[in-house]
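Student: Structure provided below as structure tokens; questions to follow.
The values are calculated or read from the model by the stated rules, or taken from the named source; none is laboratory data. In this text the structure is predicted, and so the values were computed from the model without any measurement. Cβ sites come from the backbone with ideal geometry, for glycine too, and all protein chains shown count toward neighbours. With ligands, DNA and RNA removed, areas are computed over all heavy atoms of the protein, side chains included. Shrake-Rupley method; radii C 1.70, N 1.55, O 1.52, S 1.80 Å.
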Amino acid sequence: MALLEREEPLASLAACGDEARLGQGRLVLVAGEAGAGKSALVERFTAGLTGTRCYLGACDGLFTPRPLGAFLDIAGQLGGEPAELAGRFDASAAREELFALLLGELAGPGGLHAVVVEDIHWADEATLDLLRFLARRIGSLPVLLVATYRDDELAASYPLRTALGDLAVQRCTRRVDLAPLSAAAVAALSAGSGLDATELYRVTGGNAFYVTETLRTGLDQVPRSAVDAVLARVAGLGPGARDVLHAAALIGSVVEPWLLEQAADCPPSTVDELVDRGLLTAD
Ligand SMILES: Nc1ncnc2c1ncn2[C@@H]1O[C@H](COP(=O)(O)OP(=O)(O)OP(=O)(O)O)[C@@H](O)[C@H]1O
Ligand SMILES: [Mg+2]
């Protein structure tokens, strides 16, 4: 599958990989809205890595997240002592031991170790602690740590926001921000589909997930998967913000802030929250 308009992010990841290979470990924070193409980017990057041991862990959007779930998966892939410890892991007792063992394995021989932790907006606090622990120690190791997150979920994830403040100032940290696809890229993806590319770009805003799903269902209906994705975002709002969003939806696709604030009787901070969560776009 063609990955459009991702040459620059791929080059940044490759440069970080090269630096890590030379013993200057890097943490790369890959951010983008839900469906921006973070997973596709990281998959493409790791598939092209040679002479590298890759490990992948993902945080799940569960109501009861598994403490350190992503790193327990990675420990299992590392084998040896980390896998053994992960098998009998008890969050309270073995946490520091697991942190040290993981670092020890990643610092060991075998060339570049690339560790991908997906969707850290869902990470439990122990996972974020471990990320911070590693970020403070990989600067002189051949380790490439890549963490992806939805920047439109940041408002809802206080632990991540706090952790990011710390991760962002580490010397080894680099950022890759994924922009939506351009109108030209959407046109290229829709070539041959019979869909109107301008309209497809207008309704999707260049979001890779919405584009892909709409190419499947056509423009005359909103794809069920897109409806679910948007409603999941709405469900995460407090009742006040949800009422404001409903008012905005009734006003129309272009909403004057003063009108919204008067119609919904809300403070500007509620509108800010909706903008942070990607449900309103500031113009
Ligand atoms: N640059 C791109 N060009 C074309 N298609 C893309 C591009 N990036 C992603 N896609 C497609 O868009 C869809 C969504 O991508 P992906 O799952 O990587 O998004 P994501 O940012 O990881 O989403 P989520 O936040 O839900 O994890 C996939 O079908 C993917 O193949
Ligand atoms: Mg993803």
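Student: Heavy-atom accessible area of residue 177 with all protein chains present, probe 1.4 Å, nearest 10 Å²?
Tutor: The accessible area of residue 177 comes to roughly 90 Å².
Student: How many Å² of accessible area per residue for the chain, probe 1.4 Å?
Tutor: On the way: 14110 Å² over 283 residues.
Computed with neighbouring chains in place, this is 50 Å² per residue.
Student: Which residue, 146, 186, 116, has the most motion in a Gaussian network model of the chain that connects Cα atoms within less than 10 Å?
Tutor: So, out of 146, 186, 116, the one fluctuating most is 186.
Student: Separate question: Might you report the magnitude of the Cβ-based charge dipole of the stretch 190-283 about its Cα centre, with Lys and Arg at +1 and Asp and Glu at -1, to the nearest 20 debye? Please report the intermediate quantities before stating the final value.
Tutor: Numbers: 6 positive and 13 negative charges, 77 e Å.
Taking the Cα centre of the stretch 190-283 as origin, the dipole is about 380 debye.
Student: So, how do all the Cα-to-Cα distances of the chain break down into 10 Å bins, in percent, from 0 on up?
Tutor: Result, from short to long distances: 6, 25, 30, 23, 12, 3, 0 percent.
Student: Name the shape class, rounded, prolate or oblate, that the alpha-carbon gyration tensor gives for the stretch 175-241, where a ≥ b ≥ c are the square roots of its eigenvalues, rounded holds for a/c under 1.5, and otherwise prolate holds if a/b is larger than b/c and oblate otherwise.
Tutor: Working: a/c = 2.68, a/b = 1.50, b/c = 1.79.
Cα axes put the stretch 175-241 in the oblate bin.
Student: Could you give the alpha-carbon Rg of the stretch 72-226 over 2.2 N^0.38 Å, rounded to two decimals? Don't skip to the answer; put the middle values down first.
Tutor: On the way: Rg = 20.4 Å, N = 155, 2.2 N^0.38 = 15.0 Å.
Cα Rg divided by the expected 2.2 N^0.38 Å: 1.36.
Student: Which order do 64, 270 take when ranked by solvent-accessible area (1.4 Å probe, heavy atoms of all protein chains), largest first? Before the final figure, lay out each step's value.
Tutor: Numbers: 64 110, 270 20 Å².
These residues rank, largest area first, as 64, 270.
Student: For residue 133 and residue 158 in one chain, what is 0.36 nm times their gap in residues minus the Cα-Cα distance, to one decimal in nm? Walk me through the numbers before you get to the answer.
Tutor: On the way: separation 25, 0.36 × 25 = 9.00 nm, distance 1.85 nm.
The span from residue 133 to residue 158 would gain 7.2 nm if fully extended.
Student: Another question, if that's okay. Rounded if a/c is under 1.5, else prolate if a/b beats b/c, else oblate: with a ≥ b ≥ c from the C-alpha gyration tensor eigenvalues square-rooted, which is the stretch 209-255?
Tutor: Oblate shape, in that a/c is at least 1.5 and b/c is the bigger or equal ratio.
Student: Run the simple label-point estimate for residue 253 and residue 203 please: 7 Å along Cα→C-beta, distance reported in nm.
Tutor: 1.0 nm
Student: Could I ask something else about it? Can you give me the pair-distance distribution of the stretch 48-102, C-alpha pairs, 5 Å bins, whole percents?
Tutor: 4, 20, 27, 22, 15, 7, 4, 1
Student: Ignoring ligands, DNA and RNA, what percent of the 1.4 Å accessible area of the chain is carbon and sulfur?
Tutor: Values: 7690 of 14110 Å².
That fraction is 54 percent.
Student: Among 157, 253, 39, which one shows the highest mean-square fluctuation when the chain is modelled as a Gaussian network with alpha-carbon springs under 10 Å?
Tutor: 253
Student: Along the stretch 99-113, what does the Karplus equation 6.51 cos²θ - 1.76 cosθ + 1.60 (θ = phi - 60°) give for ³J(HN,Hα), rounded to whole Hz, x for Gly and Pro?
Tutor: Ordered by residue, 3J(HN,Hα) equals 3, 5, 5, 4, 4, x, 5, 5, 7, x, x, x, x, 6, 9 Hz.
Student: Most mobile of 181, 102, 250 per a Gaussian network model of the chain (Cα springs, under 10 Å)?
Tutor: 250
Student: Tell me the Kirkwood hydrodynamic radius of the stretch 236-283 in angstroms, computed as one over the mean inverse distance between distinct C-alpha pairs.
Tutor: Numbers: mean 1/r = 0.0961 Å⁻¹.
By the Kirkwood definition, the hydrodynamic radius is 10.4 Å.
Student: Between residue 22 and residue 175, 0.36 nm times their residue separation minus their Cα-Cα distance comes to what?
Tutor: 53.1 nm
Student: For the stretch 14-92, build the charge dipole from Cβ charges (+1 Lys, Arg; -1 Asp, Glu) around the Cα centre, then report which of 85, 62, 16 sits farthest towards its positive end.
Tutor: 16
Student: Only sites in a loop by DSSP and with at most 10 other Cβ atoms within 10 Å count here; which chymotrypsin sites (Phe, Trp or Tyr not before Pro) in the stretch 2-68 make the cut?
Tutor: Numbers: sites: 45, 55, 63; in loops: 63.
Sparse-neighbourhood loop chymotrypsin sites (Phe, Trp or Tyr not before Pro): 63.
Student: Estimate the FRET efficiency between residue 183 and residue 94 by the formula 1/(1 + (r/R0)^6), using the beta-carbon distance for r and 51 Å for R0, to the nearest 0.05.
Tutor: Values: r = 52 Å, r/R0 = 1.01.
The pair residue 183/residue 94 has a calculated efficiency of 0.50.
Student: Which net charge results for the neighbourhood of residue 203, defined as the other residues with beta-carbon distances under 12 angstrom from its beta-carbon, given Lys and Arg at +1 and Asp and Glu at -1?
Tutor: Details: positive: 202; negative: 196, 199, 213, 220.
Within the 12 Å Cβ shell, the charges total -3.
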